[in-house]
Amino acid sequence: MPSTPLASVLFVCVHNAGRSQMAAGFLRHLAGDRVEVRSAGSLPGEQVNPAAVEAMREAGVDIAGAQPKVLTTEAVQASDYVITMGCGDACPVFPGKKYLDWALDDPAGKGVEAVRPIRDEIRTRVEALIAEIDG
C-alpha cells in the first residue's frame with residue numbers, strides 16, 4: 001500500500017445526496033486508501049437520499065453516515081479528478097485537473113427499485129476509474 005494516495009477524486013452533483021454519495025461510497029469501498037475521496041454539491045441537500053442509502057446497503061457499502069457538503073473551490077483545487085454528475089456550470093474549472101462528466105439519472109424522489117440501476121452504473125464507472133488510476 002502506498003503511504004500517500006495515488007490520486008484524489010471529487011464527485012460533484014447538485015444536492016450531494018445521491019449520485020455523488022454513491023460514487024464516493026463505492027470508490028472508498030473498492031480502492032481503500034489508494035485514492036483520496038471527496039464529494040460535494042452545488043446546492044447540497046439536507047440529507048443523503050434514503051433510497052440511495054438502501055441501494056448501497058444492498059451492495060455492501062454503508063453511506064448512512066454521509067452528509068451533503070457544499071462544493072468549494074478548495075475541494076476542486078485539491079483534487080486530481082473532478083467528476084460531475086449534472087451540476088453544469090456550477091463547477092469551477094482549473095488547469096491540470098482531469099474533468100469527467102457522468103450522465104446519470106438523478107435518483108431524487110425515486111424508490112430503491114429505480115435507484116438500483118443507477119447504483120450499478122455508478123459502480124461500473126467507478127471500477128473503470130480505479131483501473132485508470134491504477135494504470
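The values are calculated or read from the model by the stated rules, or taken from the named source; none is laboratory data. Values in this document were obtained by computation on a predicted structure and should not be read as measured data. Counting neighbours? That spans all protein chains shown, and the Cβs are built from the backbone with ideal geometry, glycine included. Remember, those area values only see protein heavy atoms, side chains included, never the ligands or the DNA or RNA. Shrake-Rupley method; radii C 1.70, N 1.55, O 1.52, S 1.80 Å.
Structure data summary
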{"quantity": "Hits in the range 103-114 (condition: under 12 Å from Ala23 (Cβ atoms) and either without any contact (Cβ under 8 Å) to a residue 12 or more places away in the chain or open to solvent by 70 Å² or more (accessible area, probe 1.4 Å) (or both))", "calculated": "none"}
{"quantity": "One residue from Met85, Met22 being within 14 Å of the chain's Cα centre (by Cα), farther than 18 Å from Ala7 by Cα and at pLDDT 95 or above", "calculated": "Met22"}
{"quantity": "Members of the range 14-49 found to be charged (D, E, K, R) and open to solvent by less than 50 Å² (accessible area, probe 1.4 Å), listed by number", "calculated": "Arg19"}
{"quantity": "Criterion (touching a strand residue (DSSP E or B) at 6+ places or on another chain (Cβ under 8 Å) and under 20 Å from Leu30 (Cβ atoms)) met by exactly one of Ile130, Ile118, Ile63, Ile122", "calculated": "Ile130"}
{"quantity": "Extreme residue, surrounded by the fewest Cβ atoms within 10 Å (Cβ to Cβ), among residues of the range 120-135 that are among the hydrophobic types (A, V, I, L, M, F, W, C) and closer than 19 Å to Thr84 by Cβ", "calculated": "Ala128"}
{"quantity": "Breaking point among (1) open to solvent by 60 Å² or more (accessible area, probe 1.4 Å); (2) modelled with pLDDT of 95 or more; (3) closer than 16 Å to Ala17 by Cβ, for Pro117", "calculated": "(3)"}
{"quantity": "Residues of the range 54-70 that turn out to be of a type outside the set (Lys, Arg), touching a residue at least 24 places away in the same chain (Cβ under 8 Å), open to solvent by 30 Å² or more (accessible area, probe 1.4 Å) and within 14 Å of Asn16 (Cα to Cα), as a count", "calculated": "1"}
